[in-house]
Amino acid sequence: MVRDELDAVEEGVAGIASACKDLETVSKKVTRDAKGRIAKGSVAINAGGFTRKQLELKKAIDKLSAPAIATLARLLESENHGAALGAAKEILDRTLGKVRQRVDVDVSVEHTHVMHLDALKRLNEKARQTADTIIIDHVASE
């Protein structure tokens, strides 16, 4: 059963790769008007919105996807229960999404501008108390 699903996934990966090739050829089918602008009704230059680097990265990832899925499938059938559990978690995290954790945060900050002003007043008062007046007598030398 896992092998049949693996074959289906490999076919899907091949379909994604062919879609990327289609995106590359779209840019060559653009028609332009006399002023060099894209003609109305013409196919957009970058229909997918991908940059060249993104397309290259996607191709590289597509090439690695099938072996990675095959590795997970082999680990899922492994006799090592820890490896099988890890593979199952990875597969489920990528298909169903990771389990969400609920975090309750209670933050009550009111009148932050008043708190900031009070802090500045305290700092100013402390600076006045610790600041000693220094008088420097300077006699011009001749």
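Is it the case that L92 is within 32 Å of the chain's Cα centre (by Cα) and aliphatic (A, V, I, L, M)?
yes
Per-residue answers, yes or no, for (1) at pLDDT 80 or above; (2) out of contact with any strand residue (DSSP E or B) (no Cβ under 7 Å at 6 or more places or on another chain):
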residue: E11; (1), (2): no, yes
residue: A14; (1), (2): no, yes
residue: L23; (1), (2): no, yes
residue: T31; (1), (2): no, yes
residue: A34; (1), (2): yes, yes
residue: I38; (1), (2): no, no
residue: A70; (1), (2): yes, yes
residue: A88; (1), (2): yes, yes
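The values are calculated or read from the model by the stated rules, or taken from the named source; none is laboratory data. Note that the coordinates shown come from a computational prediction; the quantities given were computed from them, not determined experimentally. Here the Cβ is made from the backbone with ideal geometry for all residues, glycine too, and neighbour counts use every protein chain on show.
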